[in-house]
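FYI, it's all coordinate maths here, none of it is from the lab. Since we're looking at a predicted model, the values are computed, not measured. Here the Cβ is made from the backbone with ideal geometry for all residues, glycine too, and neighbour counts use every protein chain on show.
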Amino acid sequence: MIGTEPRADHLVQNLMALEQDMLAACETLRDRLSSRDHFDKAEMTCQQLPAHIQELRDYAERVGVTPTEGGDLRALLTVGRVELAALAGDDKTLLRAMSRNESTLVDAWQNAMANPETPPDLMPLAEAALTDASHHRAWLRDAAKA
């Protein structure tokens, strides 16, 4: 599980890869939404992800960890989940799929915050990212129910 890695360098790399996967899924979501209101809100959400990725990249470089250059195989799950939901043809299914992705991200950041291997100077970034992911997930869940 992401966030439970026994080494800080792997923790940072996996969190960065997951954020990159989420950005790819978010871009896919935006491309598939039919509601302008949903699109606008997804756009705001997607715009926060590059900042998280850059903060993780800056942190990685500062502490000597090789930053990831893109997502990883988990992208098949995060993007694929949204692509499969698009086959249903409605925004609610898309939003539910992305909500599941956000749950994965929330879990990863919660795990990282509880992980004794997480460096103390990474905690402020983890707290901010967890707050953002929690807000995004709440919006996605509410929008999918509306």
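Highest GNM mean-square fluctuation, the chain, Cα pairs closer than 10 Å: which of Asn14, Asn115, Asn101?
Evaluated over the chain, the most mobile residue of the options is Asn115.
When only DSSP loop residues count, what GluC sites (Glu not before Pro) in region 69-108 have their Cβ near at most 10 other Cβ atoms within 10 Å? Write out the running numbers ahead of the final one.
Numbers: sites: Glu69, Glu83, Glu102; in loops: Glu69.
Answer in residue order: Glu69.
By how many nm would the segment from Met1 to Gln110 lengthen if fully extended, with 0.36 nm per residue of separation less the alpha-carbon distance?
Values: separation 109, 0.36 × 109 = 39.24 nm, distance 1.11 nm.
Answer, rounded to one decimal: 38.1 nm.
Quick one: Karplus J couplings for region 14-29, per residue in order, coefficients 6.51, -1.76, 1.60, θ = phi - 60°, nearest Hz, x for Gly and Pro?
Using θ = phi - 60°, the values come out as 5, 5, 5, 4, 5, 4, 5, 4, 5, 4, 4, 5, 5, 5, 5, 4 Hz.
Applying the Karplus parametrisation 6.51 cos²θ - 1.76 cosθ + 1.60 with θ = phi - 60° to the phi angles of region 128-139, what ³J(HN,Hα) value in whole Hz is obtained for each residue in order, glycine and proline being reported as x?
Rounded to whole hertz, the list is 5, 5, 5, 4, 4, 4, 5, 5, 4, 4, 4, 4.
Which cross-chain or sequence-distant (5 or more) residues have an amide H under 5 Å from the amide H of Glu117, H modelled 1.01 Å from N in plane?
none
May I ask you to compute the full-extension gain from Leu77 to Lys92, defined as 0.36 nm times their residue separation minus their alpha-carbon distance, rounded to one decimal in nm? Can you show the working numbers first?
Values: separation 15, 0.36 × 15 = 5.40 nm, distance 1.85 nm.
My answer for the length gained is 3.5 nm.
Which of these, Val79, Val63, Val12, has the largest mean-square fluctuation under a Gaussian network model of the chain (Cα springs below 10 Å)?
Highest fluctuation of the listed residues: Val63.
If I take R0 = 25 Å and measure r between the Cβ atoms of Ser34 and Thr131 in this structure, what FRET efficiency does the formula 1/(1 + (r/R0)^6) give, to the nearest 0.05? Walk me through the numbers before you get to the answer.
On the way: r = 29 Å, r/R0 = 1.17.
The computed FRET efficiency comes out at 0.30.
Tell me which label goes with the value of semi-axes √(5λ) of the Cα gyration tensor in Å computed from the coordinates here: (1) 27, 22, 10; (2) 33, 14, 11; (3) 27, 14, 13.
(3)
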